[in-house]
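In what follows, a single structure is set out as structure tokens and then discussed.
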Amino acid sequence: MAPSPAPGTIARFVRPDRLAQRLADMATIGATEKGGVNRPALSVEDGKARALLTGWALARGFSVETDGIGNLYVRRPGTDPSAAPVMTGSHLDSQPTGGRYDGVYGVLAGFEVLEALEDAGIATRHPVELVAWTNEEGSRFQPYCMGSALFAGKMDLEMVLACTDPKGIRVKDALAETLALAPPMPVRPFGGAAAAYVEAHIEQGPRLEAEGKTIGVVQGIQGSRWFQVEVTGQEAHAGTTPHGARKDAFQAALRMVTALNELMHDPDDIIRCTFGRFEVLPGSPNTVPGKVIFTIDFRHPDAGVVKEEKGDAITPLLQSLAAPCAVMVRETSTTAPVDFAPAVVEAVRDAAALLGYPHRDMPSGANHDAKFMAPRCPTGMIFIPCKDGISHNEVEYASPADCHAGAAVLAETLVRLAGA
Ligand code: HGY
Ligand code: MN
Ligand code: MN
């Protein structure tokens, strides 16, 4: 077996120009007028992005596979066929007004590492495997992270396939259409072994840029709970119906949001509570709203706050404020905070130091597929800065130099974990 490459070797084969070009090519799929992307999970755009990555992978001689939810696996074999793969990856789906880096950067940084290994002729003991997870965002279909959660055995496939988007389209049907856009490939069962998982991602926050750091050595991800709330009142005439006789779904929802803002008030500004979707129906100026549908995205790094201190109070609070309307509260996702494996965190930190990139340890405020991989195998993440900390926005931007740095640190980390 060839001698292990000296530290810093693989980083020299990571090509910033190639990575930048692949990011630019991928950004044409679902491109929006303001320079972002709209690539909903299991849409035609998602299918085209997978097809593009599949074509690149096959052209480099890597093998490709999928599974029952359409996760896309790209594998470079190791010298020990019995060894579990060291995995890397992220997601290709985006927010409706998403950026050109959220998720796709981690997928393409991982692909760049596979290419660099190939170019360097480095043999790793473990296979190195890239995965593009299905529906990380949870924007079109809730819950989020369907792909990684099913891989990790944390969701039921039949439940997931039955989930519908706001237009009533099922995951099952959208998945079939998406898969048809990529070449046929072997289908593997869920739950394969993984020796480690490392995900590269933009920070989606302002810290690294503000502190002049290039690399975030991520310690873990905060907990989060998502709810969908449906308030049902009675449509009525806006001019003739006395307020005392109304079952106004909007007024009830307004009481709920006001009370939730009080519950989630945090002078330390650590709690995150967002009402990202708020629909008032029928949406006519002179009809009392008969239905309001809204979402709650609640997050906190402390498990006690996520659960009993705040999270468990949400549903009873909404129910107490519904009358004279009715309310249905559906919790669509609950994930506890996760800590990443010290050995992987250390490998990321050592790689950043070896390559001379200023770095800092930090938590993740955003959810990632790594949250579901953390209980399955030693897991870690690498952050790079994004301009003004902005993400989930079409102006999202990461510099080519920072994209290169993250991919180089990822390469060194994966080579160390894969046993070259
Ligand atoms: O919502 C999140 O935290 C992730 O960016 N999808
Ligand atoms: Mn993401
Ligand atoms: Mn996102």
Q | Only one of 60, 22, 76 that is free of Cβ contacts under 8 Å to residues at least 60 places away in the same chain, touching a Phe, Trp or Tyr at 6+ places or on another chain (Cβ under 8 Å) and over 30 Å from residue 161 (Cβ atoms) | A | 76
Q) Within the range 348-381, can you find the residues that are among the small types (Gly, Ala, Ser) and under 12 Å from the mean Cα position of the chain (by Cα)? A) 364, 365, 366, 370
Q | Criterion violated by residue 82 - all others in (1) open to solvent by 10 Å² or more (accessible area, probe 1.4 Å); (2) touching a residue at least 40 places away in the same chain (Cβ under 8 Å) satisfied | A | (2)
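Kindly indicate which of 280, 288 is open to solvent by 50 Å² or more (accessible area, probe 1.4 Å) and modelled with pLDDT of 95 or more. Write out each step before concluding.
Values: 288 fails: open to solvent by 50 Å² or more (accessible area, probe 1.4 Å).
Answer to the selection: 280.
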**Q.** Residue that is assigned to a strand (DSSP E or B), in contact with a strand residue (DSSP E or B) (Cβ under 8 Å, 6 or more places away or on another chain) and either surrounded by fewer than 16 Cβ atoms within 10 Å (Cβ to Cβ) or basic (Lys, Arg) (or both), where the choices are 75, 100, 50
**A.** 75
Q.
Within the range 85-108, does at least one residue satisfy the condition of being touching a Lys or Arg at 6+ places or on another chain (Cβ under 7 Å) and away from ligand 2 (no atom under 16 Å from the Cβ)?
A. yes
Q: Return the only residue of 125, 207, 188, 170 being within 16 Å of ligand 1 (Cβ to nearest atom), surrounded by 14 or more Cβ atoms within 10 Å (Cβ to Cβ) and more than 19 Å from the chain's Cα centre (by Cα).
A: 207
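Does residue 343 fit the bill of being open to solvent by 50 Å² or more (accessible area, probe 1.4 Å) and among the hydrophobic types (A, V, I, L, M, F, W, C)?
So residue 343 passes the test.
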Q: Using the structure shown, decide if residue 55 is touching a helix residue (DSSP H, G or I) at 6+ places or on another chain (Cβ under 9 Å), modelled with pLDDT of 95 or more, surrounded by fewer than 18 Cβ atoms within 10 Å (Cβ to Cβ) and not in a strand (DSSP E or B).
A: no
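The values are calculated or read from the model by the stated rules, or taken from the named source; none is laboratory data. Small disclaimer: the values here were computed from a predicted structure and weren't measured. Note: ideal-geometry Cβ built from the backbone for every residue, glycine included; neighbour counts use all protein chains shown. Note: areas computed on protein heavy atoms with side chains; ligands, DNA, RNA excluded. Shrake-Rupley method; radii C 1.70, N 1.55, O 1.52, S 1.80 Å.
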